[in-house]
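Working notes for the structure below.
Laboratory data are not the source of any read-out in this text; all were calculated from the coordinates shown. If you're wondering where the values come from, they're calculated on a predicted model, not measured in any experiment. Heads up, the Cβs are rebuilt from the backbone with ideal geometry, glycines too, and the neighbour counts pull from every protein chain shown.
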Amino acid sequence: MSDTVFPRNFLWGAASASAQIEGGWNADGRTPSIWDAANPTQIKNSENCHDACDHYHRFREDVALMKKIGLKSYRFSISWSRVIPEEGKINEAGIKFYSDLVDELVSAGIEPMVTVYHWDMPIWVFEKGGWMSEKIIPLFRDYTKILVDALSDRVSWWMTMNEPGCFIMNGYMQGVHAPFKRNYFALSRLSKNCMLAHAEAVKTIRRYSKKKPKVGVAFSSGAFVPPNDSPDEIEKARRMTTETSNGLMSNRWWMDPMILGKPVRAYGIYHSDAKNMEAICQPLDFMGLNIYTSFNYAGWGNGKEIPPEGTQKNSLGWVIDERCMYWNVKFMYERYGLPIMITENGLAANDIIDKDGKVHDPQRTDFIRRYLGQLSQAISEGIPVLGYQHWSVMDNFEWAEGYEPRFGLVYVDYKTQKRIIKDSAWEYKKIIETNGAEL
Ligand code: BGC
């Protein structure tokens, strides 16, 4: 094997989320989540996630595909309402699904990585106030405990939640994701409830886990990319990335309290309260970073630059700029000092089935190589990166955007539920086999 900077046990994987792939929305005692309840006007082309990729019924086939691609790890989330369909009721069939999935992964040699919450809140939790109410803190703790009891004999990797910034921004501020609310004034309260629920989950995982756990969060993250290598520009980008970017889509809004125990103020009106910091700041083993694009052009990261003409974008219009991988990882490690797991990174495209029956997606292969090239640069400078979970293992339900944007390594024909391994997945397999030597 030629030279590689990737550590020997690097977790080359892929990721998904329950609502985006499972389907089986009312199977075996599951009750609806806030996403099942979205009305047709709230989702592009009036689509819904009721059947999605039918992974609930096809998970064995899907794990076999993951094995074919050579994945070493698989990050997935749990549907809360499959496990607890109503308050106080545990659904054994729901637990069995995840337990069987974990068994299937382990016997395929794939490391399971569990996200406790990836946006699909049960309706019954929402009706108790959802993230607006402090009641969610013990509910989230008890839910986590059930998962830990059921899975922690085989699962070591845990993420308490996925991108709190996104589900609060999209779901409670801009009203474009479930539960489709708009309440900017509640930001401090919503954030506090999320952070305290996260902290309770961390403590629960540590306390009850049968295997020694590795606990983290998957943050939606971003960095300003400096225009050149001058120390001044780098320092400016670092400051904008970690100190001056503001509000709930900034890195520090979540990471400072959760990792450093430091309260944050934003726009003079929002704040995290110093008195909660001790409870919120629980020791973590890694930080998960979901990295797609740089903050320079992304309004949600307070970016102001207009992308130059001809800038490459994915099918959702997000700028493709692999340099953000390097700078994001570097700036986060400098500030937070935790080992890093890339919990998401991927490309939305309008993939099609060729007349030869295959899916040729050279742009995704190129994207993977470019972003991994930047990641390898960060690793070669000594930053501890534990793995890379490509988003996504298969095409899936892209929330309010429906099924049109395809992010998968595996193509899904939603009418027939036929899967096709895309060319990029075969290329990713080679990268995995050479531990990143051939990028
Ligand atoms: C989310 C995923 C989503 C992906 C692409 C991330 O923000 O965690 O659920 O599909 O981005 O939009």
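List of remarks:
- Cα point-scatterer Debye curve for the range 1-145, base-10 log of I(q)/I(0) at q = 0.11, 0.18, 0.20, 0.22 Å⁻¹: -0.47, -1.06, -1.22, -1.38
- Low-density loop positions, trypsin sites (Lys or Arg not before Pro), the range 253-345 - DSSP coil, at most 15 other Cβ in 10 Å: 304
- Directionally averaged projected area (the range 264-364, Cα convex hull): 9.9 nm².
- Charge tally around residue 324: other residues with Cβ under 14 Å, Lys/Arg +1 each, Asp/Glu -1 each, net +1.
- Cβ crowding within 10 Å ranks 295, 331, 185, 397 as 185, 331, 397, 295, fewest other Cβ atoms first.
- Amide hydrogen proximity for residue 421: with H placed 1.01 Å from N in the peptide plane, the residues at 5 or more positions away or on another chain lying under 5 Å are 411.
- From helices alone, the chain scores -10000 deg cm²/dmol at 222 nm; the rule is -39500 (n - 2.57) for each run of n ≥ 4 DSSP H residues, then divide by the residue total.
- Ascending count of other beta-carbon atoms within 10 Å, so fewest first, for 414, 326: 414, 326
- Alpha carbon centroid spacing (whole Å) that separates the range 384-439 from the range 100-142: 23
- Using the Karplus relation 6.51 cos²θ - 1.76 cosθ + 1.60 with θ = phi - 60°, the per-residue 3J(HN,Hα) values for the range 220-236 come to 7, 10, x, 9, 7, 8, x, x, 8, 8, 5, x, 5, 5, 5, 5, 5 Hz, with x marking Gly and Pro.
- Mean projection area, nm², convex hull over Cα of the chain: 20.1
- Shape summary: the range 166-234 maps onto an equivalent ellipsoid whose semi-axes, from the alpha-carbon gyration tensor, are 29, 25, 10 Å in decreasing order.
- Our summary gives the range 11-433 a relative contact order of 17 percent, counting only alpha carbon pairs under 8 angstrom and 6 or more residues apart.
- When Rg and the Kirkwood radius Rh are both evaluated on Cα atoms of the range 116-230, their ratio Rg/Rh stands at 1.05.
- Fluctuation leader among 246, 350, 396 - the chain, Gaussian network, Cα springs under 10 angstrom: 350
- Choice from 102, 359, 385 showing the highest fluctuation, given a GNM over the chain with Cα pairs closer than 10 Å: 359
- Total charge dipole magnitude, the range 107-206, about the Cα centre, Cβ charges on Lys, Arg, Asp, Glu only, Debye to nearest 20: 360
- Comparing 18, 121, 152 along the charge dipole axis of the chain, the residue lying farthest to the positive side is 152, per the Cβ-charge model.
- Candidates 137, 178, 4 compared by Cα position along the dipole of the chain: farthest toward the positive end lies 137, with charges placed on Cβ.
- The range 207-276 and the range 149-193 have Cα centres spaced 16 Å apart.
- Burial ordering of 47, 381, fewest other beta-carbon atoms within 10 Å first: 381, 47
- Lysines whose Cα lies under 17 Å from that of residue 181, excluding same-chain neighbours fewer than 8 positions away: 128
- Relative contact order %, the range 342-392, counting alpha carbon pairs below 8 Å whose residues are six or more apart: 62
- For the chain, a simple Cβ point-charge model (Lys and Arg +1, Asp and Glu -1, everything else neutral) yields a dipole of about 940 debye relative to the Cα centre.
- Here the range 277-327 is treated as an ellipsoid with the same Cα gyration tensor; its semi-axes, largest first and in whole Å, are 30, 13, 9.
- Near residue 214, the amide H atoms lying under 5 Å from its own belong to 157, 158; only residues 5 or more places off or on other chains count, and H is placed 1.01 Å from N.
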